[in-house]
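> Attaching a single structure in structure tokens format; questions to follow.
The values are calculated or read from the model by the stated rules, or taken from the named source; none is laboratory data. Treat the numbers as computed from the prediction; the structure is a model and nothing was measured. Virtual Cβ from ideal backbone geometry, glycine too; neighbours counted across all protein chains shown. For accessibility, only protein heavy atoms count, side chains too; no ligands or nucleic acids. Shrake-Rupley method; radii C 1.70, N 1.55, O 1.52, S 1.80 Å.
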4 protein chains.
Amino acid sequence: MSTQVIVLNGGSSSGKSGIARCLQSILPDPWLTFGVDSLIEAMPRSSAVVIGPDGEVSAGPDFRALEDAWIQGVAAMARAGARIIVDEVFLGGAESQGRWLTALAGLHVLWVGVRCDSEVAAGREMARGDRVRGMAAKQAELVHQGVRYDLEVDTTATEAVRCARTIAAFLTTRSS
Amino acid sequence: MSTQVIVLNGGSSSGKSGIARCLQSILPDPWLTFGVDSLIEAMPRSSAVVIGPDGEVSAGPDFRALEDAWIQGVAAMARAGARIIVDEVFLGGAESQGRWLTALAGLHVLWVGVRCDSEVAAGREMARGDRVRGMAAKQAELVHQGVRYDLEVDTTATEAVRCARTIAAFLTTRSS
Amino acid sequence: MSTQVIVLNGGSSSGKSGIARCLQSILPDPWLTFGVDSLIEAMPRSSAVVIGPDGEVSAGPDFRALEDAWIQGVAAMARAGARIIVDEVFLGGAESQGRWLTALAGLHVLWVGVRCDSEVAAGREMARGDRVRGMAAKQAELVHQGVRYDLEVDTTATEAVRCARTIAAFLTTRSS
Amino acid sequence: MSTQVIVLNGGSSSGKSGIARCLQSILPDPWLTFGVDSLIEAMPRSSAVVIGPDGEVSAGPDFRALEDAWIQGVAAMARAGARIIVDEVFLGGAESQGRWLTALAGLHVLWVGVRCDSEVAAGREMARGDRVRGMAAKQAELVHQGVRYDLEVDTTATEAVRCARTIAAFLTTRSS
């Protein structure tokens, strides 16, 4: 059966959002993209994450409860027939994946790890100019700890569009 | 029982998003805001709405199917315990409301009409500078046709924060 | 002779940028808009203003030197024939105006004060959601201290587009 | 004598803005960045460029006059003592450079060509998601025609931060 959810997990500035946009362009069917950035955008400021001066992310108890409900909602969209790309940062590693695994039970999910060399990601963070410095380096390894993937891509020396093509090819092979 | 979903419906540049942000600041509990703008942001470009030179909005068949699944998902977030503000533009009037009514069945919903004089909304559209001109005027009356509300606010001569306080007061009264 | 520079001065969230965009739409000739927001956008982060938790703005010594050169440049654009709208926040009141007066010497300038009731501006700051809270209230009176205007508008109960029409009418009268 | 202006010229999605931001972080002195994007932001919509469905850029006669005055102003900022990075797209090739050469006469300028393989730039354009498709490919070669540089960098396989370091090293060597 065809894939219903693609979960892209990677650290800040690893290139997930670019891959998601390329997938939306390349894949023949329409896919909706949701991720931690759009969740934070939906939150009241007082509940959203606080980013320390060195890029350390901390979230209050409200954040977790809101995120749990949001994950349920994203899963419900997939069950209602929308193809969904999840653009995520598993700050809790395997534990974060576990929460999604539970919510997405019964759906056909493709788990994709988006890796990027820590130093390269830090350079891209500097080039973007809209992120607190230090997040990229802090998250580069952390978010993959204990996480299991169907496929891994690495943006260190590979363009986002090419990573998206790899994922698209994998989807086609798997569903056939 | 306390309200789980607040639906704000109004035309483009009527001030819904400002009211939603003020509600998020004013209300004691955390509320998530989702709306047509965040839905369009989540879509591939080719599925999203096309806005004509005079502000006429048209959406393809993909849009409707994606929107339906998204509405189910937003309802699921509310059922999972998150308080939700929906920031919507009922281009189909009563028919649009009907789709939300079905999806939100069993939830405690507050339906709020956000009105704004057509000419004033057009002036604010000009002042924003990020919208195609003509949407505000076209939608000012259209989106309210046949829609039933628990409460209506009018931003023509009332600030967003004051409208938000009116809604917050109504919530308190209703739930007590 | 016709006006070459329109300086709009007002506190944060007083509505200057909306008036500037309406002026660009309403006035028959093309006008360029520059302001403190575009200056900060042009700066390295380390030189830009630091906004404290209560909306207190502080700027380092680099900021002042860069700003001085930028003011010279904006004046040079007007001398080179471009009509310019300056969207400014005179945190130094009369002293800030003095710096612009010197730089704009010999040009035909319209000085416009953009006033807004402090509490109303604070409400709009909340509705915008993209500003640190407290700036609007702190700046509402401060920026007008000792500043002399050709014209004042007040957005407390008057829409931006209407304020822009008042300014446009004043320009026409003055130049005839 | 030390460099006063760095002109980065390259096609859309070639990575100029990322290099500019990295330069602002890396260089010891504060540098202001201005470019065609900030110029368009300053213009009334009706004067700004029109981008066709295939990424073809066309500009009205107002655009040229406003741009000429803006170039004078940016040069004046440098003469007033600010170090300036110009983030430009020479759609007219050598003719565009000629206009800047005239305006910057007497200043110490570093001319940097920012190259990127056309297909790679088109892929990044897709990944960004905020540009009309086709601009990157159309401009990749065009903007360099007849333009003379002190230094060229190529982002096809080199990160923006590394290109910025190359430019920074060149600046140090040249001024010593």
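> Can you go through A:Ile26, A:Ile85 and tell me which one is within 14 Å of chain D (Cβ to nearest Cβ) and within 19 Å of B:Ala65 (Cβ to Cβ)?
Checking each option against the conditions leaves just A:Ile85.
> Kindly indicate whether A:Ala127 is aliphatic (A, V, I, L, M), open to solvent by 10 Å² or more (accessible area, probe 1.4 Å), under 21 Å from B:Met43 (Cα atoms) and without any contact (Cβ under 8 Å) to a residue 40 or more places away in the chain.
Criteria not met by A:Ala127.
> Give just the number: which of (1) of a type outside the set (Phe, Trp, Tyr); (2) more than 14 Å from chain C (Cβ to nearest Cβ); (3) in contact (Cβ under 8 Å) with a residue 40 or more places away in the chain does B:Ala105 not satisfy?
Only one criterion in (1) of a type outside the set (Phe, Trp, Tyr); (2) more than 14 Å from chain C (Cβ to nearest Cβ); (3) in contact (Cβ under 8 Å) with a residue 40 or more places away in the chain is unmet by B:Ala105, namely (3).
Here is a yes/no grid of residues against (1) at pLDDT below 95; (2) among the basic types (Lys, Arg):
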| site | (1), (2) |
| --- | --- |
| B:Arg99 | no, yes |
| B:Ala103 | no, no |
| B:Gly113 | no, no |
| B:Val132 | yes, no |
| B:Ile167 | no, no |
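> Quick check on my filter: what residues within region C:100-130 are in a strand (DSSP E or B) and of a type outside the set (Val, Ile, Thr)?
Listed by number, the residues that qualify are C:Leu110, C:Trp111, C:Gly113, C:Arg115.
> Continuing with the same structure: Scan (1) in contact with a strand residue (DSSP E or B) (Cβ under 9 Å, 6 or more places away or on another chain); (2) within 21 Å of A:Thr155 (Cα to Cα) for the single condition D:Gln139 breaks and write down its number.
(2)
> Here are the criteria: (1) away from chain D (no Cβ under 14 Å); (2) open to solvent by 20 Å² or more (accessible area, probe 1.4 Å); (3) out of contact with any Phe, Trp or Tyr (no Cβ under 7 Å at 6 or more places or on another chain). Tell me which single one A:Glu159 does not satisfy.
Answer for A:Glu159: the failing condition is (1).
> I've got another one for you. Residues in region C:105-123: is at least one out of contact with any helix residue (DSSP H, G or I) (no Cβ under 9 Å at 6 or more places or on another chain) and either on the phi > 0 side of the Ramachandran plot or open to solvent by 50 Å² or more (accessible area, probe 1.4 Å) (or both)?
Among the residues of region C:105-123, not one is out of contact with any helix residue (DSSP H, G or I) (no Cβ under 9 Å at 6 or more places or on another chain) and either on the phi > 0 side of the Ramachandran plot or open to solvent by 50 Å² or more (accessible area, probe 1.4 Å) (or both), which makes the answer no.
> May I ask you to list the residues in region C:139-176 that are touching a residue at least 12 places away in the same chain (Cβ under 8 Å), part of a helix (DSSP H, G or I), within 20 Å of C:Ile26 (Cβ to Cβ) and among the aliphatic types (A, V, I, L, M)?
Passing the criteria: C:Ala160, C:Val161, C:Ala164, C:Ile167, C:Ala168, C:Leu171.
> If you don't mind, there's one more thing I want to ask. Please determine whether any residue of region C:4-15 is of a type in the set (Ser, Thr, Tyr) and either over 12 Å from the mean Cα position of the chain (by Cα) or open to solvent by 30 Å² or more (accessible area, probe 1.4 Å) (or both).
No, region C:4-15 contains no residue that is of a type in the set (Ser, Thr, Tyr) and either over 12 Å from the mean Cα position of the chain (by Cα) or open to solvent by 30 Å² or more (accessible area, probe 1.4 Å) (or both).
> Considering only region C:58-65, I want to know if a residue exists there that is away from chain D (no Cβ under 13 Å), touching a Gly at 6+ places or on another chain (Cβ under 6 Å) and open to solvent by 10 Å² or more (accessible area, probe 1.4 Å).
Within region C:58-65, not a single residue is away from chain D (no Cβ under 13 Å), touching a Gly at 6+ places or on another chain (Cβ under 6 Å) and open to solvent by 10 Å² or more (accessible area, probe 1.4 Å).
> Still on this structure: Taking the options D:Gly81, D:Gly73, D:Gly98, D:Gly92, name whichever one is buried (at least 22 other Cβ atoms within 10 Å of the Cβ) and without any contact (Cβ under 8 Å) to a residue 12 or more places away in the chain.
The unique qualifying residue is D:Gly73.
> Can you tell me which residues in region C:117-145 are more than 15 Å from B:Ser17 (Cβ to Cβ) and either within 11 Å of chain B (Cβ to nearest Cβ) or of a type in the set (Ser, Thr, Tyr) (or both)?
Matches in region C:117-145: C:Asp117, C:Ser118, C:Glu119, C:Val120, C:Ala121, C:Ala122, C:Arg133.
> Taking region A:162-176 as the search range and keeping residues that are small (Gly, Ala, Ser) and loosely packed, with under 14 Cβ neighbours inside 10 Å, which one is farthest from the other protein chains (Cβ to nearest Cβ)?
A:Ser176
> Hey, any hits in region C:27-34 for a residue that's farther than 19 Å from D:Val36 by Cα, modelled with pLDDT of 95 or more, surrounded by 16 or more Cβ atoms within 10 Å (Cβ to Cβ) and over 14 Å from the mean Cα position of the chain (by Cα)?
Looking for residues that are farther than 19 Å from D:Val36 by Cα, modelled with pLDDT of 95 or more, surrounded by 16 or more Cβ atoms within 10 Å (Cβ to Cβ) and over 14 Å from the mean Cα position of the chain (by Cα), one finds at least one in region C:27-34, hence yes.
> Going through region D:1-29 one residue at a time, which ones are out of contact with any Gly (no Cβ under 9 Å at 6 or more places or on another chain) and over 17 Å from D:Ala121 (Cα atoms)?
Hits for region D:1-29 are D:Met1, D:Ser2, D:Thr3, D:Val5, D:Ile6, D:Val7, D:Leu23, D:Ile26, D:Leu27, D:Pro28, D:Asp29.
> Here is a further query. Which one of the conditions (1) within 14 Å of chain C (Cβ to nearest Cβ); (2) more than 30 Å from C:Arg21 (Cα to Cα); (3) open to solvent by less than 50 Å² (accessible area, probe 1.4 Å); (4) in contact with a Ser or Thr (Cβ under 9 Å, 6 or more places away or on another chain) does B:Leu151 fail to meet, given that it meets all the rest?
Of (1) within 14 Å of chain C (Cβ to nearest Cβ); (2) more than 30 Å from C:Arg21 (Cα to Cα); (3) open to solvent by less than 50 Å² (accessible area, probe 1.4 Å); (4) in contact with a Ser or Thr (Cβ under 9 Å, 6 or more places away or on another chain), only one is false for B:Leu151: (1).
> Still on this structure, please answer the following. Sort out for me the helices (runs of 4 or more DSSP H) sitting completely within region C:1-92 that have 1 or more residues that are in contact with a Cys (Cβ under 7 Å, 6 or more places away or on another chain).
Here the list reads C:16-26.
> Based on what the data block shows, is B:Ile26 within 22 Å of B:Thr3 (Cα to Cα) and among the β-branched types (Val, Ile, Thr)?
Criteria met by B:Ile26.
> Another question, then. What single numbered condition from (1) touching a His at 6+ places or on another chain (Cβ under 9 Å); (2) farther than 27 Å from D:Ser47 by Cα fails to hold for C:Ser2?
All conditions are met except number (2).
> Turning to a different aspect of this structure: List, please: which pairs have Cβ atoms under 7 Å, are six or more places apart or on different chains, and start with a residue in region C:37-48 that is over 23 Å from C:Asn9 (Cα atoms) and open to solvent by less than 10 Å² (accessible area, probe 1.4 Å) and end with one that is at pLDDT 95 or above and assigned to a loop (DSSP other than H, G, I, E, B)?
So the pair list comes out as C:Pro44/D:Pro30.
> Please tell me if A:Arg131 is charged (D, E, K, R) and more than 28 Å from D:Glu125 (Cβ to Cβ).
In short, no.
> Identify the single condition in (1) more than 16 Å from the chain's Cα centre (by Cα); (2) open to solvent by 10 Å² or more (accessible area, probe 1.4 Å); (3) touching a residue at least 40 places away in the same chain (Cβ under 8 Å); (4) more than 7 Å from every other protein chain (Cβ to nearest Cβ) that D:Gly55 does not satisfy, given that it satisfies every other one.
(2)
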